[in-house]
Amino acid sequence: MTLNALRQTAEAMVEPGQGILAMDESTPTIGKRLKAVGVENTEDNRIAYRTILLDTPGLGESISSAILYDETIRQSTAEGEPFPELVKRQGIIPGIKVDTGAKALALNAGEKVTEGLDGLRERLEEYVGFGAQFCKWRAVITIAEETPSRACIEANAHALARYAALCQEAGLVPIVEPEVLINGAHTIETSYAVTVETQRQVFEQLYRQGVQLEGMILKPSMVISGTECPQRSGVEQVAEATLRCLQQTVPAAVPGVAFLSGGQDDVQATQHLNAMNQMAAQRSLPWRLTFSYARALQNQVLETWRGDASKAEQASEALLHRAKLNALASLGKYAPEMEHAAQRGAR
Ligand code: 13P
């Protein structure tokens, strides 16, 4: 696999006017989401739900790529179509989450390090066989009184870089996701400082491991006030701080930045992305800025479906609306009135 092929995939993943659908929840995590809408976490229900997402007519217009979970890439729909085939039929690039989760970091209370490097080379080979073209690995950085520690930032940055190198060796584009959690009472200024430090470390480690920046995607969190912070950050403030943070830390060779939603509500996540792209149009920024949301794309789908097969079509429409609004935001062309138009359309 040449760098050129990796670069082509990475660029297609951040195609202007498109974003990434993250649907790589592990079985316990999807279980939480299903439980919240009264649905049991059975294999059949997971298949039914993920079929609604991926079989949405026209999804490929706003969605360039979909991140699948290990279970899903091996499964088929109730009609017998393998999920990776369904994804490709929609004109969407299939990818796979390959980390095995964030575990407690030894000797550092309250902090986590993401695992999954052991045996990864062999697993990647298998995923290539299933048609995957890119991977995802999420590291978690927690802001609290005494954290994050250097130990946590360095261990996670190092693991991300080793994962990314293995992906590129296998011809897969790594999505590098250092998530600074939104949970906590921290201000936007603290979020900025921690995110700058984290991303600096991540790019330092990527450089040391020889990762080709043209063939990767960064999936960062936005710079935002913590959920318990009394001073809530405004849309312009988040957009300004996040862009500034990217400018301080992300080399120009990276083709695209695809944000996670991180627990922001759906509309907020769209507004922030839109504001950043509007500001980006005034500056000459080297990377495309788009979305790679899970919750902020799926919340309404789950709420609408609630396990009722007769609501499947309406649930698909909810996904399509949200995906389109985010696709417009990735071009800086979203407007709040479109929310109401979308709701009317869904009724
Ligand atoms: P959220 O958009 O729900 O934060 O999830 C992003 C993610 O990392 C899943 O791949």
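Read-outs: derived from the displayed coordinates by stated rules, not from any lab. Note that the structure is a prediction, hence the values are computed from the model and not measured. All Cβ positions, even for glycine, are placed from backbone atoms using ideal geometry, and neighbour counts span all protein chains on display.
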Task: Theoretical ellipticity at 222 nm over the chain - DSSP helices of four or more residues, -39500 (n - 2.57) apiece, nearest 500 - done: -15500 deg cm²/dmol
Open item on the list: Please compute, over every Cα-Cα pair in the chain, the percentage with a separation greater than 38 angstrom.
Closed with: 10 percent
TODO: Past 31 Å, Cα to Cα, is the threshold; run Lys88/Lys112; Lys136/Lys324; Lys32/Lys333; Lys112/Lys311; Lys32/Lys88 against it and keep the listed order.
DONE: Lys88/Lys112; Lys32/Lys333; Lys112/Lys311
Open item on the list: Tell me whether segment 8-137 comes out rounded, prolate or oblate; compute the Cα gyration tensor, take square roots of the eigenvalues as a ≥ b ≥ c, and use a/c under 1.5 as the rounded threshold.
Closed with: oblate
TODO: First measure r as the distance between the Cβ atoms of Asp55 and Val267, then evaluate 1/(1 + (r/R0)^6) with R0 = 30 Å and state the FRET efficiency to the nearest 0.05.
DONE: 0.75
Open item on the list: Taking every DSSP beta bridge with both residues inside the chain, roughly what % is antiparallel (nearest 5)?
Closed with: 15 percent
Open item on the list: Between segment 281-309 and segment 44-109, what is the separation of their alpha carbon centroids in Å?
Closed with: 15 Å
- [ ] Sticking with the crude label model, points 7 Å out along Cα→Cβ, report the distance from Ser284 to Glu85 in nm, one decimal please.
- [x] 4.8 nm
Task: Global geometry of segment 61-103, whether rounded, prolate or oblate, following the gyration tensor of its Cα atoms and the 1.5 cut on a/c - done: oblate
Task: Segment Glu169-Thr27, length gained on full extension (0.36 nm per residue, minus Cα span) - done: 48.3 nm
Open item on the list: Can you compute the modelled spin-label distance between Ala185 and Arg200, with each label point 7 Å from Cα toward Cβ, in nm?
Closed with: 2.7 nm
- [ ] Take the Cα atoms of segment 166-290, build their convex hull, and give its volume per residue in Å³.
- [x] 97 Å³
